[in-house]
Every structure is written in C-alpha cells, then in structure tokens.
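A short worksheet on the structure shown next.
The values are calculated or read from the model by the stated rules, or taken from the named source; none is laboratory data. Keep in mind the model is a prediction, meaning the values are calculated, not measured. Here the Cβ positions follow ideal geometry from the backbone for every residue, glycine too, while neighbour counts run over all protein chains shown. Side chains are part of the model used for accessible areas, which takes the heavy atoms of the whole protein and leaves out ligands, DNA and RNA. Shrake-Rupley method; radii C 1.70, N 1.55, O 1.52, S 1.80 Å.
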Amino acid sequence: MNINSRHILGILFIWLTLIAVSLSSRYFIPIDETRYVTVAWNMWLRGDFLVPFLNDHPYSDKPPLLFWLMNMGWAVFGVNDWWPRLVPFFFSLMSVFLTSYVARLLWPSSHMVARMAAVILFGSLLWMVYSTATMFDMMVAFFTLLGMVGLLLAWQRPGAMGWLLAGVAIGFGLLAKGPTILLQILPVAVLAPWWGRRPDMDWRRWYVRMLGAVVMGAAIVLLWAIPAGLRGGETYQHAIFWGQTADRMVNSFAHQRPFWWYTLFLPILLFPWLLWGGIWRAIPKLRNDHDNTGVRFCLAWAIPVFIAFSFISGKQVHYLLPIFPAFALLAAYGLGKLETVPGRAARAGVAVSVMLTGLALLLVPHWYNPVKMAEWVLHIPAWTGVALLLCGGILLVWKTGGMEREVWLSASVGMAMVLILHFSVIHTAGLAYDIRPISAKIKALQDAGVPLANDGKYHGQFQFAGRLRQAVEETRANQFAAWFDAHPGGRIIFYVRPGDKMPLGHADFVQPYLEGTVGIYAREALLPPS
C-alpha cells in the first residue's frame, strides 16, 4: 500500500502504545461495553451463536458479528478480558492501511498523500479514543473503506472484483451494525457520474451492478437473519427485520439534539486537525481542485452522510467515524498541494488548546462540587496537567522542516492527549468504571443461593465481569417491599447518584460507580421499618 517502513513502524508504535495503555488503565466501561461483552458471554454459555441473548431474552439491538468475533477469540485463547478489547484495535489498524490504499487509487502518483492520510486518520482524537472502545463503529468504518475500495476498482477496471468487494462490504457491514452501512456506501455509488466522469462508462450498467452488490450484501446477512428469526420467535423476527430500520429511525427522531450539534463539536472530534493552521491553508487548494476526481469522491463520501446524520436527531459522536477517512484523504491531498510548510505559528491553536486542557486538569480538583461531581475528581494527579502544559509548550517551539514531519508532530500531540486523559480521568476514576469488585460479590451471592435484583433496568453490566451464569432480576423502588416479601433474605443492587438520598442502613458491599456509587443492600437498609 506504499507506506514506507518508517511510517509503518510509527503507526504500529502508536497502535501498540494505545493497546498497552488501554489494557492497563481501564476495564470495560458501563454500560455499553459491558453490555456487548455480556451478550457475547451469553452466547458462549448457551452455545448458541445464532441468536444473541441479554437477560434471558433475545437481543435484537445489534447484529452478531462483534459477538461472533469475541467468541472466536475465546475459542482460541480461552475466555479472557483482553481479547474482546483487541477486536476494535485490529479493525482500526486495518482501516488506517486501507485509507492509504484508497489514496493510492485516487492519486497514484502521490505517495506522500497516502502516507499523510494514514497518519492524519490515526492521529485524530476521536479515532484513537474509539480504537480502544469495544463497540461496533470501527467495524463499520472498516467495511465502509472496503466498500470504497470496491467502488474505485469497479470504476477503474473492468471485471467483477470491485462489485464483489462492495457486496462483501455491504453484507458484513450489515452484520456489524445493520443498515447504517448502506448510508455510508450507497451515496458514493449513486453519485459516481459526478465524481467519476468517464465518457466510456455505461452508467446504466453501473447502477445495475450496484443493485447486484446490494442484493449480494442482503443475501449475506439473510444467511444469518432468516434462521435466527425462525429460532428467535415472532418478536425477534420483527426486531431484526423491521426494528433495525424503520423503528430505529422513528425512535431516533424522538431524541433532542439540534441539527448543528455535530458541527459544534467538530473541532474536538477532529482534534488536532481543525485547530492546526496547516489544514486551513490547505482548504483553498481543495477549492481550486474541485474538479479533481479524488476530491469529488471524498466529498461524495463525507457530505451526504454528515448531512443525513445532522438531520437525524439521535446523535452520537462515534456515528461519524466511518467518514473520518474521507476527511483524512482530503486533508492529506490539500496539504500535499502547499508550496511551503506551515510553521510554528500554525500550531498555536493546537498548543493553546492542549495547555488549556492541562490547566483544567490542574484546577478541577479545586472546583470540586459534591452535588455535581464524582469524588474521584479530587484525585486527578497533578502530573497529567503539567504534562499537557509541557506538550503545548514543546509544540510551540519544536522545529520540523517538512510537511510530513509537521503532520507527525500534530498526530503525536493527539496521541499524548489520549494517553494522558486515560490516566488522568479513566484510571483515576478507578472503581467508578471498573465493576469487577462488585461483580465478584454478586457472583459469590449467586453461588450461595441469595436472590438478587437490580434497581431499574439491568443492562447486564455485571454478567461478564463476574462470570455470572444467570441474569439478575429487575425491580423498582415502588416494588421493593413486594420483592423482598417474595424473596426473603434477598439483596437489591441499588444506585446512589450525587445529591440522592442515601439508603437507611449499611450496604453489604459498596463501591464507586460512574458519577455516584452502587451497593448491595438488604431489606432493612432500603425500607423503613414497618
């Protein structure tokens, strides 16, 4: 893919460092990561790899590819905590190399663009953060890139290989996270006459083959969905065939995030690049080259998806990850067109933001508010703030002497931010995000035959961490008395948030949990005496 060995070693160093820091500084974070690994754990326990389960019910929110990959690793290495966390890392790394390959397909004469695109992508704050997250979006990003490779090959070369790749990308993208993959790939395919102007191209045949790729992708996912629907029952059938599309779209519009929400957060999501002056110098070069096939291809990739997700009110930052490679490609191409290398003044925005973040880490413990903040913020180590202040200072004075070195320097600052935030926030939070101690206690109570219930909706957060073999019941505060009457000697897992009233008595076990605490309580601790 025409990345020289030095760049490969640099990317692998960042990748391995992220793995080491992530594995050593945190556990699965409730409630999303813990829920997904619990679904995979239930697959393992049941020996049923067709229908995912959560709390003894079929789990239809996500397709099974991530859960299959977790179980495949466990089949080889045994059940462990680290394998599920490596899965997104592998997709992240493969996506970086695929981005470089897409650059070579779009601009075959520019090896520098291919190298810089890989570094810009991997050096983006959000990309690095979600490379460490046991979620689905890195898989979607990878299959989106695979689909883009397929479209470019279909456009450049005769034969079926490109469309076969596109069909595989759609099929496995559907197995990764459902129909969102269609939104990522199809706009580029539909807009091909605009970005890929070729007088010898039969565009009617193009659209027929595009439809064939979609049918192929649908056939791949149906190989799982049809037997899974038959086994899972009528409700599960409706959920995977209809709820993944229409129902989810309807529910998404019920959330209240404004149209401009993504735009507002772009400087953070794409940190450090939108705060670096070099990118803003490169933008006019893109405008001057608006007829360039590669520029148009990336615009057709990024803009329709960004607009669509902006209109859908259910917004999460990681939904945009599959279009990050398009940004990296455009940025690298524009930077490659600059006649002069941006100097130290261009780094001022990045340096100031890094130093302000460091200052905030130093001051947050002094701003502690017990009603609004978790107690762990008092223990944020001062060295993390000092380290970011030093990073910002170094960025202002460091000399590079080349465009690629400037890109690497900014990417290194983004990496430093991620690593330091891991230690300053997640590692310091400790048990607030590590539910293994209470999960072990729940396991011991279950083994002793003690009935257990969860206050409110139970997301399966303790199942895998405690290697529980049965789900915890759900109950509500107004049902506590009835539940204890039906389960003498039982215990309820109860959550206390900042500002909440504390239970009446002592807990059997208590630990920090997110912004508050979680404990295991007997009847006399939760209910007033009758």
(request) Express the carbon and sulfur contribution to the solvent-accessible surface of the chain as a percent, rounded to the nearest whole number, probe 1.4 angstrom. (result) 65
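When ranked by the protection proxy of mean other Cβ atoms within 10 Å per residue, highest first, what sequence do the peptides 423-431, 497-505, 30-38 form? Each step should come with its number before you reach the end.
Working: 423-431: 19.0, 497-505: 11.6, 30-38: 21.6.
Ranking the peptides 423-431, 497-505, 30-38 by packing returns 30-38, 423-431, 497-505.
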(message) Restricting to Cα atoms and excluding each atom paired with itself, what does the Kirkwood estimate give for the range 47-205 in Å?
(response) 17.3
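Below 13 angstrom from the Cβ of THR293, what's the summed charge of the other residues (Lys, Arg +1; Asp, Glu -1)?
Here the charged neighbours net out to +1.
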(message) Just to confirm the number: angle between the C-alpha axis of helix 203-232 and the first principal axis of the chain, 0 to 90 degrees, nearest 10?
(response) 10
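Taking the Cα centre of the chain as origin and charging only Cβ (+1 Lys, Arg; -1 Asp, Glu), how large is the dipole, in debye to the nearest 20? List each step's numbers first, then the result.
Working: 40 positive and 27 negative charges, 273 e Å.
That gives a dipole near 1320 debye.
Where the only charges are on Cβ atoms (+1 Lys, Arg; -1 Asp, Glu), what is the dipole of the range 472-511 about its Cα centre, to the nearest 20 debye?
On the way: 4 positive and 5 negative charges, 33 e Å.
Result for the range 472-511 is approximately 160 debye, rounded to the nearest 20.
Between the DSSP loop rule and a limit of at most 10 other Cβ atoms within 10 Å, which chymotrypsin sites (Phe, Trp or Tyr not before Pro) in the range 252-311 are left? Could the numbers behind the result be given before it?
Details: sites: PHE253, PHE259, TRP260, TRP261, TYR262, PHE265, TRP273, TRP276, TRP280, PHE297, TRP301, PHE306, PHE309, PHE311; in loops: PHE253, PHE259, TRP260, TRP276.
Hits after loop and neighbour filter: TRP260.
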(request) Would you please put 169-179, 392-402, 334-344 in order of how densely packed they are, using the mean number of other Cβ atoms within 10 angstrom per residue and starting with the highest? (result) 169-179, 334-344, 392-402
(request) Quickly rank 49-56, 203-210, 61-68 as a protection proxy: mean count of other C-beta atoms within 10 Å, highest first. (result) 61-68, 49-56, 203-210
(request) Pull up all non-local amide H partners of LEU54: gap of 5 or more, or a different chain, and H-to-H distance under 5 Å with H placed in the peptide plane. (result) TYR59
(request) Post the alpha-carbon centroid distance, the range 447-524 to the range 270-346, in whole angstrom. (result) 48
(request) Return one number: the angle in degrees, 0 to 90 and rounded to the nearest 10, between the long axis of the Cα atoms of helix 293-311 and the longest principal axis of the Cα atoms of the chain. (result) 30
(request) For helix 324-336, report the angle its Cα long axis makes with the longest principal axis of the Cα atoms of the chain; keep it between 0 and 90° and round to the nearest 10°. (result) 30
(request) Send over a whole-number figure in Å² for the accessible area per residue of the range 415-506, probe 1.4 Å. (result) 46
(request) Of the options VAL39, LEU275, PRO528, report the single residue whose Cα projects farthest towards the positive end of the charge dipole of the chain (beta-carbon charges: Lys, Arg +1; Asp, Glu -1). (result) LEU275
